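Taken together, the values in this text are just the output of simple stated rules run on the coordinates, not laboratory data. Note that this is a predicted model, so its numbers are computed, not measured. Cβ atoms come from the backbone with ideal geometry, glycine included; neighbour counts cover every protein chain shown.
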Ligand code: FES
Ligand SMILES: [Fe+2]
């Protein structure tokens, strides 16, 4: 099966009510995954966590997926930088994890780079002909920030982050994300394709079964959501109280700046391709998804609260209630994602049909196809053009076209 043949996806391109899902091989085929890496993850704006990961000059952290391994630094002037995590001498990674340093010194032969990426020392190189340190800075990658969220982008052609996000910052301004701090950052290794995890995050169809003894008890009404303008999709659910605690547990109460719908429910946002926000009326959780090959995904969850909450004497006790809910429910999602992945790799697996509750699954699948199937070669760089958020229109037989 040639997974890059557009005719394979005619049914995925149909309106939700008529569509089939992606062929199961799209969730485990290494070549399809490599195409996603090239066309999606190396070109898109990728969430790399919150800025408080590297709050002070000298702080650094790393993010990695496929052949993109980056080190993010905060330099002396407070600016954020992102570099390829590979030494300009013989290529060794400079650092792993996160930490604090005055300069990035390679553990192999001690070439040392300032926090702005310039090479400051290269011991033993004085007899090398025509060697000029200025010619060997770290390779710089784009980094930009929206309200405390750090995004990186490895492509120079991709439009700025502000264009990528479209009207999303304006729609979410009342939550005051720039005034939030991260209380906990947790990593999970999940044995599934990245789309499996993201699709699960963006549909509520599984809640009565997968979360039957936890969050399914809360009565929730799905409300129509304006598709908006930007590389994102959104869900809004109306319900009483918060979605971020288990029944009966105490929390911080609603964020004071909220009003209207934002105070009466929760929002789930997917900023293509790897950023997921779960926004309740009292907390915001952001999830980063980093593919580690076709069938493994690293999920990173940052739990954020308004900065004022951290000053309360009961902060630790109340925050623990939110973490308890996360630890149980995220585990349920991770387990079902690994379970689904095993079935997708069954040789008899075939594309299924969607419930209307899986609107975003369908939207994501079409967004992926838009990028992987060669829009780039036919229409120029797909990522320089506004993308649809809710595919609805059928596509002519055998012809790849973006849904309207
Ligand atoms: S590889 Fe980094 S100093 Fe040699
Ligand atoms: Fe779930």
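Springs join every pair of Cα atoms under 10 Å in this Gaussian network model of the chain, and among 120, 234, 278 the largest mean-square fluctuation is at 120. As a calculated quantity, the FRET efficiency between residue 314 and residue 98 at R0 = 35 Å, using C-beta atoms, amounts to about 0.75. Spatially, the range 119-145 and the range 147-220 are offset by 37 Å when compared through their Cα centroids. Here the range 35-79 and the range 311-372 have alpha carbon centers that stand 23 Å from each other.
Peptides 346-354, 124-132, 17-25 ranked from most to least packed, by the mean per-residue count of other Cβ atoms within 10 Å: 17-25, 346-354, 124-132.
Considering only alpha-carbon pairs that sit under 8 angstrom and 6 or more positions apart, the relative contact order computed for the range 46-154 is 27 percent.
Each Cα pair under 8 Å and six or more residues apart adds its separation to the average, and for the chain the resulting relative contact order is 22 percent. For the chain, rounded, prolate or oblate, judged on the Cα gyration tensor with a ≥ b ≥ c (square roots of eigenvalues), a/c < 1.5 rounded, else prolate if a/b > b/c? Oblate is the answer for the chain, as a/c is 1.5 or above yet b/c matches or exceeds a/b. Computed per residue of the chain from DSSP H runs no shorter than four, each worth -39500 (n - 2.57), the mean residue ellipticity at 222 nm is -5500 deg cm²/dmol. Given springs between every Cα pair under 10 Å in a Gaussian network model of the chain, which of 113, 60, 272 has the largest fluctuation? The residue with the greatest mean-square fluctuation here is 113. Computed over the chain with a Gaussian network model linking Cα atoms closer than 10 Å, the most mobile of 341, 292, 179 is 179.
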